[in-house]
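Accompanying notes for the structure given below.
The values are calculated or read from the model by the stated rules, or taken from the named source; none is laboratory data. None of these values were measured; they are calculated from a predicted model. Cβ sites come from the backbone with ideal geometry, for glycine too, and all protein chains shown count toward neighbours. We work out accessible area using only protein heavy atoms, side chains counted, and drop any ligands, DNA or RNA first. Shrake-Rupley method; radii C 1.70, N 1.55, O 1.52, S 1.80 Å.
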Amino acid sequence: MGPETTLKGSFEQNSPPPSPNLVNDSFSKKENFKQGYHSHYKSNIIPRRRSSDSHSISQTPSLQSVKQQRQPFRKNIPRTLLLRAILICSLLTAAGVCAAVAYISLNNAEHNTADYTYKSVALSATLNAKAIVERKFQAAVATATLASWTNPNKDDWPFIFINGYMNITNKIAQLSQSSSQTISVLLDPSQIQDFESHIAQVYAREGRPNTTGYSDFGFGVWKPDPDMEFEDERAHDTTGENTWGGKDTRLAVLSLHNIPDPESILYNGYSEKDRGIYLDSVYACVGAHNEPFTSPACPVFTDMLELKIRPGPAAIILQPIFPANGLTELVGFASTSLHWEDSLTNIVPNYVGGLTCVVSTKTASFTFEIGEGGVVELIGDGDLHDVRFDGYATSVILNEIQTNADINAVYTLTVYPTAEMFRTFSTTAPLAVALSFLGVIFLCTMLFFLYDFLMRNEVAQRKLILDIKRRFVRFISHEIRTPLNTVCIGLELLEGELWKESSKKSGEHAEIGFVPTIEDIGVWHTITMDVKENADIAVSILNDMLNYDKLETRTMELETEEVNPWVLIDQTVRQFQLQAADHNVELKLAFEESKNSSNNMPIVDSAQSAREVLSPDLESSNLCVIGDEVRLGQVFRNVISNALKFTSNGGKISVTVTHLLDGMHGTDDMLYPGNRVNQDSRCGSLMVRISDSGIGLTKNQLEMLFAEGVQFDANKLQHGGGSGLGLSIAKGIVELHNGMIEAQSEGLGKGTTFLIELPLYTGSALHANEAEFDEVSYSQNPTETDSCNTLENTESRKKRKRRILVVEDSLSSRKMLIRLLERDGHTCVGASNGRDAVEMMQHEMDQSRFDLSSTNQPCVGNFLVPHNPKIDTILMDYEMPFMNGPDATRALRDLGYDGFIVGVTGNLLVEDVDHFMSCGANEVLAKPISMATLREYWEKNS
């Protein structure tokens, strides 16, 4: 940093440098001192800064080295992406494998469950079907036994009668799940007429219907004959002749039936081949039997046929009847019908479905399907099962009986599953579990990436915070050290001047003593003014940071009043005239006449109708801005100071103030703490244009101009640094006043114009709340005696000398503050921390207690007056060892101290001030301490 830049730092602050009021005779001496002061500044400061700069340059890596250091990091980026890709692929692969394994395992488990269930059901079905067939066969045997023992003699046949036949055989049919239990008798053709007469009487005795045994031709034995002219196609069989080639002349007539009037009654079974061949087989079997004391085992099952009473595939079980007294004499047959649809019913529970049952013999087969609810349905002739389930076939022989007959149909039941059965056991569980695996792993993946994102964001945030901290430290180091550098140099120069003058006087005029001249005083005054100015610069930077924090946290409070904006702007511009002159910048102020606002706000440097001098009518104008005069002045100072920073030597800055009659129309009502603005008093707006001929701004820079911490390459574009908060603070304050601020520029090198517009009101626009108004009215109308007392008390307070306790841990600060207060006529004592202050005050309060028994102390009434005056003010520092300021303040209040306590702190954040006040402090005073502010606090709280 060169000397020009350093010197400009003292002119680039918001407040202008005060002009020294020196004696004219010392002017030349001061000029000579300034030259020596600057030369000393250059000789002492510049080498140091260059040395440090060169050191920092040697320590700071070059741009090329930085790029080289960043190259490995850039090379790591693809590696990181590759690792993430590998992780994603691994997770997806794991998810796919887990899902596939889960799906296959559960699907196989379901399939195995279905397979096991089918095998169990199929085995049960075949066993149940076989048991049903076995019961039907036993029913035939039981019926044959019944006939044999009720008509034990061969001569009784075929003219038999079984009392209660229908009741008995119905029970047998019910137990065997049969539809019919019949007895067929064998008779010669010569016996037909007598048999028909006998059987008619039997039917009458059994109470059968009168139509029993009748065909279209009349009552009698019948056989099927399609050539007959009768509708039922029956012929009266009186000869036993047949058309299929049967050689036996006997008739096998179905004479008894468990059904009262069946279609098949008196049917000659030997007349048709599907029954006749099995009768011949029985005849042959009986004829071949040569054991006289045992009945021959000649039962047979017919092949697939259709019953006379019910359509559908069926079979007939023929059990020979031998009279009890003639065990080898065949007299008839007991038969049980075997209808396969009925026989397959209830072989599985009702909740089981989806089975295919194939009932087959050597010559025929039929396919049935057991559906939902155990319902059996005929699918068709032949084996029609689904060939996909051939491996699931479960077979059983249904009629494993002992017979010596040559022709006997053997029935086999084969059970197959259907796709419907396996669908019953197939659920969405495997798919759901597989999708759950995918979902869980996908969720884990998403959580990982969310965690990775959050961690990377956290790292970025920490890096950003670290960068902000470094920028903040760098900013504080530069912006605070720069003015403190001037302070230290000024103090060193002042010390040198005093030592030099003291040395001169101690020589030849030692006996006279040291008497400073007017020229010496002028030089010292210049130094002290520079020191104070740079100290104020450091404080103003800290104030900017505090103001920005208040704006960000929305805790900035406005002291609202009616402000004359023309006077405020005139005073503000006058403050910067000297600084502008030092920069060789022309700063002009112009007041335009009232006019209507235009849609566009052009950039102007001045107005032809403007006046450069504040007129009396504007100075006493009834128009005002409702707001905080101090904050508004800060806005104007920030913008004008910013214009001075960016305007080079020989440039121009113009401030134009215009009253827009219809400006900011429709602005919302402003509600300030305790006050409300009367909108009826609105009178347009005030437009302030601050134009400079400086470096200008680009479009992108204009968009970021009012953001916090914005500095557009301070080394190139501006003459000095800065906090970068000034314009952001100005925007916040203007918006708090319901105003508007914006910047315009045509580009780099073409200057910049700031437009500030605030709503204007007529006088008496600000009204207090009714409660406050009543309180003010009461306080402003005291009695005559009170007025006198008030004036007297005010004068006494101004002259009052106080006894002050200064609590400060820094010895130098405590000594300097005590010296400053004692110079003002006050009595001071000091304490180095809060604990010492509490102990000191407790001791003083103990000493100040009134002892009524004491006669050595003066009394007022019944109260004793202490020897030493009571400490009435305590200046309490915040941060101290052993006990800090707020804790000490609370302890003092707990002891009963009711004096005036002022918190002194450099922590002016709202929460710190509120904490101090909540602990009992009456006011909080910012460091560095201002005696004027302290006096205001005393006046306010007296």
Has region 435-458 got any residue that is modelled with pLDDT of 90 or more, open to solvent by less than 80 Å² (accessible area, probe 1.4 Å) and more than 22 Å from residue 127 (Cβ to Cβ)? no
Those residues of region 404-424 which are surrounded by 19 or more Cβ atoms within 10 Å (Cβ to Cβ) and assigned to a loop (DSSP other than H, G, I, E, B), in sequence order: 405, 408, 411, 418
Within region 325-347, track down each residue that is of a type in the set (Val, Ile, Thr) and closer than 14 Å to residue 413 by Cα. 345, 347
Kindly indicate the residue of region 204-225 that is open to solvent by 20 Å² or more (accessible area, probe 1.4 Å) and of a type in the set (Phe, Trp, Tyr) and also nearest to residue 187 (Cα to Cα) among those meeting that condition. 219
Look at residue 322 and say whether it is closer than 20 Å to residue 178 by Cα and not basic (Lys, Arg). no
Filtering region 830-855 down to residues that are part of a helix (DSSP H, G or I) and aliphatic (A, V, I, L, M), which residue is modelled with the lowest pLDDT? 845
Within region 576-611, residues being open to solvent by 70 Å² or more (accessible area, probe 1.4 Å), outside any loop (DSSP other than H, G, I, E, B) and at pLDDT below 85 number 4
Among the residues of region 665-695 satisfying the criterion of being modelled with pLDDT of 75 or more and assigned to a loop (DSSP other than H, G, I, E, B), which is least open to solvent (accessible area, probe 1.4 Å)? 694
Pair list, Cβ < 7 Å and 6+ apart or interchain, from region 902-926 residues that are at positive phi and in a helix (DSSP H, G or I) to residues that are among the aromatic types (Phe, Trp, Tyr) and surrounded by fewer than 18 Cβ atoms within 10 Å (Cβ to Cβ): none
Quick one: is residue 892 touching a Leu at 6+ places or on another chain (Cβ under 8 Å), at pLDDT 85 or above and not β-branched (Val, Ile, Thr)? no
Examine region 345-368 for a residue that is within 26 Å of residue 160 (Cβ to Cβ), touching a Pro at 6+ places or on another chain (Cβ under 8 Å) and crowded, with 23+ Cβ neighbours inside 10 Å, and state whether such a residue exists. no
Every residue in region 226-239 that is at pLDDT below 90 and open to solvent by less than 70 Å² (accessible area, probe 1.4 Å), please. 228, 230, 232
Scan region 270-312 residue by residue and report those that are surrounded by 18 or more Cβ atoms within 10 Å (Cβ to Cβ) and either within 60 Å of the chain's Cα centre (by Cα) or among the aromatic types (Phe, Trp, Tyr) (or both). 270, 278, 283, 301
Of those in region 425-435 that are in a helix (DSSP H, G or I) and in contact (Cβ under 8 Å) with a residue 24 or more places away in the chain, the residue nearest to residue 400 (Cα to Cα) is 425
Inside region 918-933, can you point out the residues that are more than 12 Å from residue 878 (Cβ to Cβ) and either exposed (fewer than 15 other Cβ atoms within 10 Å of the Cβ) or at pLDDT 90 or above (or both)? 918, 920, 922, 923, 928, 930, 931, 932, 933
Can you pull out every residue in region 173-223 that is of a type outside the set (Phe, Trp, Tyr), closer than 22 Å to residue 333 by Cβ and assigned to a strand (DSSP E or B)? 181, 182, 183, 184, 185, 186, 187, 215, 223
Of the conditions (1) more than 30 Å from residue 279 (Cα to Cα); (2) open to solvent by less than 50 Å² (accessible area, probe 1.4 Å); (3) touching a residue at least 24 places away in the same chain (Cβ under 8 Å); (4) not aliphatic (A, V, I, L, M), residue 373 fails just one. Which one is it? (3)
Quick test of your reading of the structure: residue 938 fulfils all but one of (1) open to solvent by less than 60 Å² (accessible area, probe 1.4 Å); (2) without any contact (Cβ under 8 Å) to a residue 40 or more places away in the chain. Name the failing condition by number. (2)
If you check residue 558 against the conditions, is it open to solvent by less than 30 Å² (accessible area, probe 1.4 Å) and at pLDDT 75 or above? yes
